[in-house]
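Inspection log for the structure reproduced underneath, given as structure tokens.
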Amino acid sequence: MQTPSITLVSTVHKEIGQCNSKELYKIIKLLNPDVIFLEAFESSYTKYHQMLFSQFGIYHERLEIKAIQAYSQNHNCEYIPVLDIGLSNEFEKKLTIVSENTNYQKILDNYTLLETVHGFQFLNSKKQIALQEEMRELENRIIDNKIMHQKANENIDAYEHSMLRNIYSFSKEKSFNKAIFMCGAGHRKTITQKILEYETKETLKLNWIFYNDTI
């Protein structure tokens, strides 16, 4: 029996420059998955949204779902949202505080420029991870509050684990050949680390592939 493969594709949730649904559709079409796992709640793409698309051709506003809709027109594919918990208030508080810092804003502006010009090639690169790490380190210097950092990190940890648990749970119950897991680029490093941990402890073995993880 062939080991199912899942390709991690780092994304952004709103269209910006080359990070758009058409470019993401090209990636999905190239990978040709049977299953698409998405960092989303079940309520993100309701029966009503599906009806609007199937009956009237009205696309969803979220980048990833719009690309999935385009792919579904000519391909049979099962869509699986994998979120069951959200991010905490501490996470939002941290973002609000650090966004007012001039040095942080400079890094973020550079990140946004690379995202706009190079699209998913940047989001799925070592350069993107390095800039995210730079921002995290600066966050720790800007906010001198260990409890806030701890609570935010614990929440992100639980958030990422829940997605992987749902992916493995689905994979144990249903057979497929190829899947992709689309998740926000800010999670790329920590999700990758967790995937490697899961591969050592899970009885079900999956062939994880990290899209474009060469630059």
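The values are calculated or read from the model by the stated rules, or taken from the named source; none is laboratory data. Predicted model only: the values in this text are computed from it and were never measured. For neighbour counting, all protein chains shown are included, and Cβ atoms are generated from backbone atoms with ideal geometry for every residue, glycine included. All accessible areas refer to the heavy atoms of the entire protein, side chains included, with ligands and DNA or RNA removed. Shrake-Rupley method; radii C 1.70, N 1.55, O 1.52, S 1.80 Å.
How many residues are more than 25 Å from Lys172 (Cβ to Cβ), crowded, with 17+ Cβ neighbours inside 10 Å, among the aliphatic types (A, V, I, L, M) and touching an Asp or Glu at 6+ places or on another chain (Cβ under 9 Å) if we restrict to the range 5-40?
2
State whether one or more residues within the range 155-163 are of a type in the set (Asp, Glu) and over 15 Å from Ser10 (Cβ atoms). Reasoning before the result, please.
Within the range 155-163, the subset of a type in the set (Asp, Glu) is 157, 160.
Okay, now just the ones that are also over 15 Å from Ser10 (Cβ atoms), so 157.
Yes, that holds for at least one residue.
Looking at the range 86-101, I want the residues that are of a type in the set (A, V, I, L, M, F, W, C) and have a partner that is assigned to a loop (DSSP other than H, G, I, E, B) with Cβ atoms under 7 Å, at least 6 apart or on another chain. Which pairs are those?
Matching pairs, first to second residue: Ile97/Ile143; Val98/Ile143.
So, in the range 83-118, exactly how many residues are under 17 Å from the mean Cα position of the chain (by Cα) and under 23 Å from Glu160 (Cα atoms)?
8
Go through the range 113-163 and count every residue that is farther than 23 Å from Gly17 by Cβ and acidic (Asp, Glu).
Adding up the residues that qualify gives 6.
Does Gln2 satisfy being open to solvent by 50 Å² or more (accessible area, probe 1.4 Å), assigned to a loop (DSSP other than H, G, I, E, B) and out of contact with any Ser or Thr (no Cβ under 6 Å at 6 or more places or on another chain)? Write out each step before concluding.
On the way: open to solvent by 50 Å² or more (accessible area, probe 1.4 Å): yes; assigned to a loop (DSSP other than H, G, I, E, B): yes; out of contact with any Ser or Thr (no Cβ under 6 Å at 6 or more places or on another chain): yes.
Yes.
Restricting to the range 41-94, name every residue that is in a loop (DSSP other than H, G, I, E, B), under 21 Å from Lys178 (Cβ atoms) and either touching a Leu at 6+ places or on another chain (Cβ under 6 Å) or open to solvent by 70 Å² or more (accessible area, probe 1.4 Å) (or both).
Gln73, Asn74, Asn76
For the range 108-145, enumerate the residues that are hydroxyl-bearing (Ser, Thr, Tyr) and open to solvent by less than 20 Å² (accessible area, probe 1.4 Å).
At the first step, the residues of the range 108-145 found to be hydroxyl-bearing (Ser, Thr, Tyr) are 111-112, 116, 125.
Passing the criteria: Tyr111, Ser125.
Given the options Glu23, Glu39, name the one that is at negative phi, in contact with a His (Cβ under 9 Å, 6 or more places away or on another chain) and in contact (Cβ under 8 Å) with a residue 60 or more places away in the chain. Give the derivation first.
Details: Glu23 fails: in contact with a His (Cβ under 9 Å, 6 or more places away or on another chain).
None of the other options fit; the residue is Glu39.
For residues in the range 26-36 being in a helix (DSSP H, G or I) and in contact (Cβ under 8 Å) with a residue 40 or more places away in the chain, which is nearest to Ile85 (Cα to Cα)?
Start the filter on the range 26-36 by keeping residues that are in a helix (DSSP H, G or I), which leaves 26-31.
Imposing the further condition that a residue be in contact (Cβ under 8 Å) with a residue 40 or more places away in the chain reduces the set to 27-29, 31.
Numbers: Ile27: 28, Ile28: 26, Lys29: 29, Leu31: 28 Å.
This residue is Ile28.
For the condition in contact with a Lys or Arg (Cβ under 7 Å, 6 or more places away or on another chain), among the charged types (D, E, K, R) and modelled with pLDDT under 95, what is the one hit in Glu139, Glu92, Glu154? Give the derivation first.
Values: Glu92 fails: in contact with a Lys or Arg (Cβ under 7 Å, 6 or more places away or on another chain); Glu154 fails: in contact with a Lys or Arg (Cβ under 7 Å, 6 or more places away or on another chain).
Going through Glu139, Glu92, Glu154 in turn, just one is in contact with a Lys or Arg (Cβ under 7 Å, 6 or more places away or on another chain), among the charged types (D, E, K, R) and modelled with pLDDT under 95: Glu139.
Do we find a residue being touching a Pro at 6+ places or on another chain (Cβ under 6 Å), open to solvent by less than 10 Å² (accessible area, probe 1.4 Å) and touching a residue at least 60 places away in the same chain (Cβ under 8 Å) anywhere in the range 172-180? Quick ask: steps written out before the conclusion?
Applying the first criterion (touching a Pro at 6+ places or on another chain (Cβ under 6 Å)) to the range 172-180 yields 176, 178-180.
So of that shortlist, the ones also open to solvent by less than 10 Å² (accessible area, probe 1.4 Å) come out as 179-180.
If we keep only those that are touching a residue at least 60 places away in the same chain (Cβ under 8 Å) too, we end up with 179-180.
Checked the range 172-180: at least one residue is touching a Pro at 6+ places or on another chain (Cβ under 6 Å), open to solvent by less than 10 Å² (accessible area, probe 1.4 Å) and touching a residue at least 60 places away in the same chain (Cβ under 8 Å).
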